[in-house]
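Undergrad: One structure, pasted below without further comment.
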Amino acid sequence: MIPDYSKVHSKFKLDRNHYSFEDLDEVAYSFVKEGRPFEQDIGNFLLDWLDKKDYITVNTSGSTGKPKPIKISKQGMVNSAVATGNYLKLNPGDTALYCLPAHYIAGKMMLVRAIILGLELDLRQPTSQPIFDYKKHYDFVAMVPLQLEKIYGYCDAIKTIIVGGAPVSNNLKKAIQGIRSNVYETYGMTETITHIALKKLNNFGEAGSVASSHFKTLPNILLSQDERNCLVIDAPKISTEPIVTNDIVKLYSETEFEWLGRFDNIINSGGIKFSPEQIEAKLQNKIKQRFFIASEKDERLGEQVILVVEDESNTMADSVFSELEKFEKPKAIYNVAQFNETTSGKIQRSKILKQLKVHN
């Protein structure tokens, strides 16, 4: 039986203290009035969660445009929490670590999972390098790639880590092969109430649980594609309508897919269409600095491929592009001293291109 959003699990603890539904109201007010900034965010979310409305209002991430407010169902958040708990075999009394900001959906959902699933949640300030007891056993932690990059050498006491909010680099994937935690990359967005699919990134952890090249959905979620080959998500327990994304995917089944790139990033150069993300994958091990592929207007080709690199220089050896096809090779290289990014570490491509005055 799916729990109701107005209930608090009897095993739920926040910093080692159990609170009832009514108690949480006092905790929320205390955080808002006396807490540190991240605790104030938690308090504000708890007040929204405890009110009489059946929804909360959240902002989208802003990685592909201006953040916009949307309403999401509280019961949908509960259903998402239960689906994650079932997939990852989380049990009442399991320990979890909070280190993501509550003003985004990922941080809110860590609180909801704890309240609904009966987890013992330790609150820590969301920073690029979370500070916590590295020797304490945790059953479940959610992080962004930047956080995992900073602490992967200290997570042998963590059973399961989910990482999302931004792409996981090849270098980080290689680095985590030696850790004992089960590490999963997530796929999702604010509209899907955080992740709807997971992909195992390492071969350690559970017996027989090995790294995968594609994502597998949580329970009760089915997938299809539209005419653009973009992913369509049918998740009736989360959304009353199918969610049409701009993510181009290779579909293996109704529950498994490989992410290929964003439809709105597609480059049409001389009639040939390119996915920037696929070109970036070929360059990942060739360029040490952060970078991305984009396009700019060209009179002859319509659009031409460009490379934007986070560096003081735009000089790049020709050998870097040796694995690219002729039309994939950047026709221009731009450099930016520091990339604009969201708090989860996503590069804000459109903002950077606007800063460079690139017309795409």
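Undergrad: For a quick check of your reading of the model, give me the residue pairs whose first member lies in segment 83-112 and is among the β-branched types (Val, Ile, Thr), whose second is assigned to a strand (DSSP E or B), with beta-carbon atoms closer than 6 Å and at least 6 apart or on different chains.
TA: Correct list of pairs: Thr95/Glu120; Thr95/Tyr138; Thr95/Asp139; Ile105/Val58; Ile105/Thr194.
Undergrad: Go over the candidates Glu296, Glu328, Glu323, Glu303 one by one and state the one that is surrounded by fewer than 17 Cβ atoms within 10 Å (Cβ to Cβ) and touching a residue at least 24 places away in the same chain (Cβ under 8 Å).
TA: One residue alone meets the criteria, Glu323.
Undergrad: With the requirement that a residue be assigned to a helix (DSSP H, G or I) and open to solvent by 60 Å² or more (accessible area, probe 1.4 Å), what does segment 1-24 give you?
TA: Glu22, Asp23
Undergrad: Go through segment 125-150 and give me each residue that's assigned to a loop (DSSP other than H, G, I, E, B) and either among the hydrophobic types (A, V, I, L, M, F, W, C) or in contact with a His (Cβ under 9 Å, 6 or more places away or on another chain) (or both).
TA: Ile131, Phe132, Val144
Undergrad: Go over the candidates Thr186, Thr194 one by one and state the one that is crowded, with 22+ Cβ neighbours inside 10 Å and out of contact with any Phe, Trp or Tyr (no Cβ under 7 Å at 6 or more places or on another chain).
TA: The match here is Thr194.
Undergrad: Condition first: open to solvent by 50 Å² or more (accessible area, probe 1.4 Å) and in contact with a helix residue (DSSP H, G or I) (Cβ under 6 Å, 6 or more places away or on another chain). Now tell me which residues in segment 64-111 satisfy that.
TA: His103
Undergrad: For Ser213, only one of the following conditions fails: (1) within 19 Å of Thr186 (Cα to Cα); (2) surrounded by fewer than 14 Cβ atoms within 10 Å (Cβ to Cβ); (3) more than 18 Å from the chain's Cα centre (by Cα). What is its number?
TA: Unmet condition: (3).
Undergrad: For segment 24-37, check the following and say yes or no: at least one residue is under 30 Å from Lys354 (Cβ atoms) and either free of Cβ contacts under 8 Å to residues at least 12 places away in the same chain or of a type in the set (A, V, I, L, M, F, W, C) (or both).
TA: yes
Undergrad: Quick one: in segment 331-348, of everything that is among the hydrophobic types (A, V, I, L, M, F, W, C) and assigned to a strand (DSSP E or B), which residue is surrounded by the fewest Cβ atoms within 10 Å (Cβ to Cβ)?
TA: Ala332
The values are calculated or read from the model by the stated rules, or taken from the named source; none is laboratory data. Small disclaimer: the values here were computed from a predicted structure and weren't measured. Counting neighbours? That spans all protein chains shown, and the Cβs are built from the backbone with ideal geometry, glycine included. Side chains included, ligands, DNA and RNA excluded: accessible areas come from the protein's heavy atoms. Shrake-Rupley method; radii C 1.70, N 1.55, O 1.52, S 1.80 Å.
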